[in-house]
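The values are calculated or read from the model by the stated rules, or taken from the named source; none is laboratory data. Computed from a predicted structure; not experimentally measured. All Cβ positions, even for glycine, are placed from backbone atoms using ideal geometry, and neighbour counts span all protein chains on display.
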Amino acid sequence: MNQYIRYINSSTLTGLKKKLLTPVLLLFCHTVFAQAIDSIYFNLYTDSLKKGTYNYINIVGKLSNGKYRPLDSTQLIFSSSYGKFYGNSLWLPFDADIEKVDITVKNRKKPLQVLHQTIYIKKAADTVTLKTEDEIMDTPPKRARNKKH
């Protein structure tokens, strides 16, 4: 037994303390300095949803330190009256025959913190036609103008 005690000196104990104390301190700091979500808001990029595509629903959270940051489905629960959510994106089928979708967003850590929003579905068809490869290749490139000093 004495021979084992001889090999444990103060530097070995200091190293062992550091190895055990570091993860404990990191966990403590993470929980103490983690910012809680005080409130959540819709920050929509569009005024209507499109059929047959993923519609990104942007939710911003105000943190307890006053800063804002985007939130995702790891912090929020998304639900809607029509379509299916994949993360923050709502998929609406092409054959949707409704005019609006009711969206509900709930904070996972604070279930009483809930948002409701009604968003209408775009009715007009996209009439924009893109140029074909031949049309693009046949168009001469624009020349840069010479700037006069």
Practice task
Test each condition in (1) surrounded by 10 or more Cβ atoms within 10 Å (Cβ to Cβ); (2) small (Gly, Ala, Ser); (3) at negative phi for Ala124 and report the one that comes out false.
Solution key: (1)
Completion exercise
The residue that is surrounded by the fewest Cβ atoms within 10 Å (Cβ to Cβ), considering only those in the stretch 31-74 that are touching a residue at least 60 places away in the same chain (Cβ under 8 Å) and small (Gly, Ala, Ser), is Ala36
Practice task
Within the stretch 128-145, identify whether any single residue is surrounded by fewer than 11 Cβ atoms within 10 Å (Cβ to Cβ), part of a loop (DSSP other than H, G, I, E, B) and touching a residue at least 40 places away in the same chain (Cβ under 8 Å), and answer yes or no.
Solution key: no
Practice task
Restrict the check to the stretch 121-136 and report whether at least one residue is within 21 Å of Ile37 (Cα to Cα), of a type outside the set (Ser, Thr, Tyr) and touching a strand residue (DSSP E or B) at 6+ places or on another chain (Cβ under 6 Å).
Solution key: no
Problem - Which listed residue, of Lys123, Lys106, Lys51, Lys62, is part of a loop (DSSP other than H, G, I, E, B) and out of contact with any Lys or Arg (no Cβ under 8 Å at 6 or more places or on another chain) - result: Lys123
Handout entry: Subset of the stretch 111-126 (residues that are more than 16 Å from Tyr45 (Cβ to Cβ) and over 21 Å from the mean Cα position of the chain (by Cα))
Key = Lys123, Ala124, Ala125, Asp126
Exercise for the section: Please indicate, with yes or no, whether at least one residue in the stretch 75-94 is under 13 Å from Phe42 (Cα atoms) and either exposed (fewer than 12 other Cβ atoms within 10 Å of the Cβ) or in contact (Cβ under 8 Å) with a residue 40 or more places away in the chain (or both). Expected result: no
Exercise for the section: Give the residue that is nearest to Lys51 (Cα to Cα), with candidates limited to residues of the stretch 97-149 that are acidic (Asp, Glu) and outside the structural domain of Tyr86 (by TED's automatic domain parsing). Expected result: Asp126
Fill in the blank from the handout: Residue hits (the stretch 71-102; part of a strand (DSSP E or B) and at positive phi) are none
